[in-house]
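Student: Take a look at the following structure, please.
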């Protein structure tokens, strides 16, 4: 192993050891990052948020290496991970384990690997004669619709300098992405009246109404699929709707008084997501709810939004894209359907690109891993980035 690779692996082991599952306070891992930066003479700013309803105090981290001036590049990644049930793992999910050239651990690829590579490159950043700055922006709760990045937008907008570009290091096998779809995580709950199944008219059967709602979503999804956006880079080239789960009922002979439909929408950045939602809600309020209330005036539907994030516009020929093209020749940028913090960095008017080491296909699974070779590739990218900022004012 090279010294850099060794350093990155040690840091990754430290980071994985923090069970920084979304919606739990990330202060412990943020403190580790802050102390590491301080040991190299770098002061990290905390963008703190009181998230008592989510798990306590949360914080984003921002630090600058090099001159505090306009331009430069933000290296952005998230500190949280999805849960890990140890029973599905070959080894402890929060103890980085190397086997056969792979580093196993929750968050190893998504995306503590990128955080470790960024931190491992800090000594070289500090030693370099940076002409334009390198910034570090680590966020919280990306896995729950990029909560931290959304709340970091005002912080980024009020910096005393304007970063020139942002690299979001999600695991893309080092393929650059310039846009992604937005997402909404939704739960529609039907409230009716229970009763004995022998007299159906005495109750309000919420499964029936939920089934009609699901069929409406299916027909709407089919209609959107039939009208793809001309020239769209996305696959598929239209906004999608998917129903993932239905919960309702207690027994065969009981009229179900509550049914939940858990579903999602992934909208193209240029589509009118609000108009789609208005149409869906109008169907519920104008078609379903009046019928339900005939059976029980207290019947109805609630429509909580569990989480949402906007799309990331697929802007071309931005400073972020040109930066990656200059230092990392991997072909034309693409777009993707999963979400990232990049949509909110873009809202802060900072050109953004998504590119990072490792394969997203191993994320969120038992025995999540990143290849050791991918860590080395990430360090190569960091070194090229440092060299670029050392010679470009």
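The values are calculated or read from the model by the stated rules, or taken from the named source; none is laboratory data. Note that the structure is predicted; figures quoted are calculated from it, not measured. Using ideal geometry, Cβ is built from the backbone for each residue, glycine included, and neighbour counts are taken over all protein chains shown.
Student: Checking residue 349 against (1) at pLDDT 95 or above; (2) loosely packed, with under 13 Cβ neighbours inside 10 Å; (3) in a helix (DSSP H, G or I); (4) under 22 Å from the mean Cα position of the chain (by Cα), only one condition comes out false. Which one?
Tutor: Residue 349 satisfies every listed condition except (3).
Student: For region 203-213, does any single residue satisfy the condition of being under 30 Å from residue 332 (Cα atoms), crowded, with 17+ Cβ neighbours inside 10 Å, in contact with a strand residue (DSSP E or B) (Cβ under 7 Å, 6 or more places away or on another chain) and at pLDDT 95 or above?
Tutor: no
Student: Looking at region 279-305 only, could you name the residues that are within 30 Å of residue 354 (Cβ to Cβ) and surrounded by fewer than 13 Cβ atoms within 10 Å (Cβ to Cβ)? Outline the logic, then answer.
Tutor: Taking region 279-305 first, the residues within 30 Å of residue 354 (Cβ to Cβ) are 280, 304-305.
Matches in region 279-305: 304, 305.
Student: Further question: For residues that are out of contact with any helix residue (DSSP H, G or I) (no Cβ under 7 Å at 6 or more places or on another chain) and under 21 Å from residue 63 (Cα atoms), scanning just region 1-28, find the one that is surrounded by the fewest Cβ atoms within 10 Å (Cβ to Cβ).
Tutor: Looking at residues that are out of contact with any helix residue (DSSP H, G or I) (no Cβ under 7 Å at 6 or more places or on another chain) and under 21 Å from residue 63 (Cα atoms), I get 28.
Student: Could you say which residue among 320, 299 is touching a strand residue (DSSP E or B) at 6+ places or on another chain (Cβ under 9 Å), at pLDDT 95 or above and not assigned by TED's automatic domain parsing to the domain that holds residue 139? Lay out the reasoning, then the answer.
Tutor: On the way: 320 fails: not assigned by TED's automatic domain parsing to the domain that holds residue 139.
After ruling out the rest, the residue left standing is 299.
Student: Follow-up question, since we're still on this one. What single numbered condition from (1) touching a helix residue (DSSP H, G or I) at 6+ places or on another chain (Cβ under 6 Å); (2) surrounded by fewer than 24 Cβ atoms within 10 Å (Cβ to Cβ) fails to hold for residue 375?
Tutor: Against the list (1) touching a helix residue (DSSP H, G or I) at 6+ places or on another chain (Cβ under 6 Å); (2) surrounded by fewer than 24 Cβ atoms within 10 Å (Cβ to Cβ), residue 375 comes up short only on (2).
Student: Moving on. I need the full set of residues from region 157-202 which are within 26 Å of residue 65 (Cβ to Cβ) and part of a strand (DSSP E or B), in order please. Walk me through how you get there before you give the answer.
Tutor: Filtering region 157-202 down to residues within 26 Å of residue 65 (Cβ to Cβ) leaves 157-172, 174, 176-178.
Within region 157-202, 165, 166, 167, 168, 172, 177, 178 meet the criteria.
Student: Still on this structure, I have one more. Take the conditions in contact with a strand residue (DSSP E or B) (Cβ under 8 Å, 6 or more places away or on another chain) and either closer than 28 Å to residue 241 by Cα or outside any helix (DSSP H, G or I) (or both) and apply them to residue 332. Does it pass?
Tutor: Numbers: in contact with a strand residue (DSSP E or B) (Cβ under 8 Å, 6 or more places away or on another chain): no; either closer than 28 Å to residue 241 by Cα or outside any helix (DSSP H, G or I) (or both): yes.
No, not satisfied.
Student: Another question, then. Looking at region 214-224, is at least one residue in contact (Cβ under 8 Å) with a residue 60 or more places away in the chain and in a loop (DSSP other than H, G, I, E, B)? Let's see the steps before the verdict.
Tutor: Residues of region 214-224 in contact (Cβ under 8 Å) with a residue 60 or more places away in the chain: 216-217, 220.
In the following step, the residues that additionally are in a loop (DSSP other than H, G, I, E, B) were identified as none.
No: zero hits.
Student: Further question: Quick one: in region 83-122, which of the residues that are loosely packed, with under 14 Cβ neighbours inside 10 Å and in a helix (DSSP H, G or I) is farthest from the chain's Cα centre (by Cα)?
Tutor: For region 83-122, the residue satisfying everything is 87.
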